[in-house]
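Participant: Mind having a look at this structure? Questions to follow.
The values are calculated or read from the model by the stated rules, or taken from the named source; none is laboratory data. Remember, predicted model here, so these are calculated numbers, not experimental data. No Cβ is skipped: glycine too gets one built from the backbone with ideal geometry, and neighbour counts run over all protein chains shown. Heads up: the accessible areas ignore ligands, DNA and RNA and are worked out on the full protein's heavy atoms, side chains in. Shrake-Rupley method; radii C 1.70, N 1.55, O 1.52, S 1.80 Å.
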Amino acid sequence: MKHFNFSVGLVIGAATGTILSLIRFKNGQRLGQPLQDQSQATQNDINNLKEALNNFQEAKQKLNDALPAGKKTSVELENNFKYYQMKVDRILKNLATNQQKLSRNFSNNKE
């Protein structure tokens, strides 16, 4: 019996909705027109959201593809930095040694 009541209610509701959608106001608009407009706007928003999600997925994939190259570049830069740091350290040590030698020579010449 409950199933029958649900079915009857569903049929009556659908028939009522159909009849109401056919009624026009004095200005020529139908009763369901604002709902149709809102439904269309919602559908457009959903499509825009899907497009934005697709763009996000593409950008994410491009970033993942570029990440190994960026990591390789980062490692190369780090290695170059270490190499130049060692080179500068050697130069500074040589300068310190030369400065000590000059100081000794200057003090020896002074005496």
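Participant: Here are the criteria: (1) open to solvent by 80 Å² or more (accessible area, probe 1.4 Å); (2) under 18 Å from the mean Cα position of the chain (by Cα); (3) of a type in the set (A, V, I, L, M). Tell me which single one Ala59 does not satisfy.
Facilitator: Status for Ala59: all satisfied but (1).
Participant: If I filter region 26-44 down to residues being open to solvent by 100 Å² or more (accessible area, probe 1.4 Å) and either in a helix (DSSP H, G or I) or among the charged types (D, E, K, R) (or both), which single residue comes out as modelled with the lowest pLDDT?
Facilitator: First, pick out the residues of region 26-44 that are open to solvent by 100 Å² or more (accessible area, probe 1.4 Å): 26-27, 35-36, 38, 40.
Add one more test, that the residue is either in a helix (DSSP H, G or I) or among the charged types (D, E, K, R) (or both), and what stays is 26, 35-36, 38, 40.
Working: Lys26: 68, Leu35: 71, Gln36: 74, Gln38: 82, Gln40: 87.
Taking the candidates together, the pick is Lys26.
Participant: When both residues are 6+ apart or on different chains and their Cβ atoms are under 6 Å apart, which pairs have a first residue that lies in region 5-25 and is open to solvent by 100 Å² or more (accessible area, probe 1.4 Å), and a second that is assigned to a loop (DSSP other than H, G, I, E, B)?
Facilitator: Filtered contacts from region 5-25: no entries.
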